[in-house]
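A short write-up of the structure that comes next.
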Amino acid sequence: MKIEFTDTFFKSLKKLSARQTWFYKAFDFFRDDMPNFFKNIWYFRKELYAFRSWDYSYNLDLFRRSLEKTVYYVEHKGYEIDESRLKKVEKMKRAIELMKNALNDNYITIAQKELGELRNMDSIWTNKESTEEEIIHNKKVFERERELENAEWKELWSIIQGQDINEIKNKHKNDNPDLVDEMHSFNDWFDGSGMKNWWD
């Protein structure tokens, strides 16, 4: 078999080597990187104004905002097939919702909707002592608030971490299925979680 290189091959090599020169990198910087920098500044402007270094919530808010951009791209411009892409979109949206709940700290509101309003919470100012029933009720509400917060925090990071790929590998270790069956089985197993999978 005779291997020949056409002129276009050498032109491509020349173009690739030109991209490594300082003037091409400078051109690339002003054409792409600099406008992208200003777009990002504008996109994250509220989070950047508010950012402080002493609390995790500011880091979480930046992460939430960046994930909103990613989920929009994957949902509306992604090329991946719908079967797996839409699962990823669903998990990303759930992660954003969980981050918002953590940032807004609205678990006490949810707990009160479930169990009833906190009772006699103004006793500090009114000097009215709480009854044993009120104390027990309020304790249940606060316990439920902590349960909700802990459950959602664990759910958030399990979505980010994703599934254990060894589950599907072990399932097929002894089966030796053909590729179509294996992919079908993978798509059934895959739930869209795992931040490393969120790309297009």
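Anything over 22 Å Cα to Cα? Flag those among K46/K91; K69/K100; K88/K154; K93/K154; K91/K154, in the order listed. Where the Cα-Cα span goes over 22 Å, the pairs concerned are K46/K91. Scalar couplings 3J(HN,Hα) for segment 35-47, obtained by applying the Karplus form with A = 6.51, B = -1.76, C = 1.60 to θ = phi - 60°, are x, 5, 4, 5, 4, 5, 4, 5, 4, 9, 4, 5, 5 Hz; x denotes Gly and Pro. Calculated FRET efficiency, D122 to A151, Cβ-Cβ distance, R0 = 30 Å: about 0.50 to the nearest 0.05. Listed values for segment 185-195 are Karplus-derived 3J(HN,Hα) couplings in whole Hz (6.51 cos²θ - 1.76 cosθ + 1.60, θ = phi - 60°), namely 5, 4, 5, 5, 6, 5, 10, x, 7, x, 4, and x replaces Gly and Pro.
In straight-distance terms, cross-link reach from K25 covers every one of the aspartates and glutamates whose alpha-carbon lies under 18 Å from its own, apart from those fewer than eight places away in the same chain; here that gives D33. Label point of M195 set 7 angstrom out along Cα-Cβ; within segment 146-160, amide nitrogens under 18 Å from it belong to 152-160.
Bear in mind that the values in this text are calculations on the coordinates, not laboratory data. The structure displayed is predicted, hence computed values, not measured ones. As a convention, Cβ positions derive from the backbone with ideal geometry for all residues, glycine included, and neighbour counts pool all protein chains shown.
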